[in-house]
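Here the structure is laid out as C-alpha cells; the discussion comes afterwards.
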Amino acid sequence: MPRRHFRDLIRTGPVQVGTSYDHRGREQHTAACTAPRCGFSADYDSRAAAELAARTHRCPVR
C-alpha cells in the first residue's frame, strides 16, 4: 500500500481528519481514530462528511 501524504490535518477528540490525493489524483478525505485498539478509519469524498464522522465517532473500546 502506498504511503499517503496528508495535509490540512485537524483533530476532533481522538479522531484526526486529513486530506490527501488518491492514486488517480482526486482529493480524498480520511477520518482515523488514534485511540489504542480502536481501529476506526474511513475515506470520504467530501471534507464535511469526514469531519461529521470525526465529531460523531464513539470508540467501542474504552
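Does region 1-47 hold any residues that are hydroxyl-bearing (Ser, Thr, Tyr) and part of a strand (DSSP E or B), and which are they?
Keep residues of region 1-47 that are hydroxyl-bearing (Ser, Thr, Tyr), which gives 12, 19-21, 30, 34, 41, 44, 46.
Answer for region 1-47, where residues must be hydroxyl-bearing (Ser, Thr, Tyr) and part of a strand (DSSP E or B): THR12, THR19, SER20, TYR21, THR30, SER41, TYR44.
Can we say ALA50 is part of a helix (DSSP H, G or I) and out of contact with any Lys or Arg (no Cβ under 6 Å at 6 or more places or on another chain)? Let's see the steps before the verdict.
Values: part of a helix (DSSP H, G or I): yes; out of contact with any Lys or Arg (no Cβ under 6 Å at 6 or more places or on another chain): yes.
Yes: the conditions hold for ALA50.
If I filter region 35-48 for residues that are buried (at least 17 other Cβ atoms within 10 Å of the Cβ), touching a Phe, Trp or Tyr at 6+ places or on another chain (Cβ under 9 Å) and touching a residue at least 24 places away in the same chain (Cβ under 8 Å), do I get at least one hit?
No, because not a single residue in region 35-48 is buried (at least 17 other Cβ atoms within 10 Å of the Cβ), touching a Phe, Trp or Tyr at 6+ places or on another chain (Cβ under 9 Å) and touching a residue at least 24 places away in the same chain (Cβ under 8 Å).
Any idea which of THR12, THR56, THR19 is exposed (fewer than 13 other Cβ atoms within 10 Å of the Cβ) and among the β-branched types (Val, Ile, Thr)?
Details: THR12 fails: exposed (fewer than 13 other Cβ atoms within 10 Å of the Cβ); THR19 fails: exposed (fewer than 13 other Cβ atoms within 10 Å of the Cβ).
Result: THR56 is the single residue among THR12, THR56, THR19 that is exposed (fewer than 13 other Cβ atoms within 10 Å of the Cβ) and among the β-branched types (Val, Ile, Thr).
A short reminder: the numbers here are calculations on the coordinates, not readings from a lab. Just so it is clear, the structure is predicted and the values come from calculations on it, not from any experiment. Neighbour counts are summed over all protein chains in view; Cβ atoms, including those assigned to glycine, are modelled from backbone coordinates with ideal geometry.
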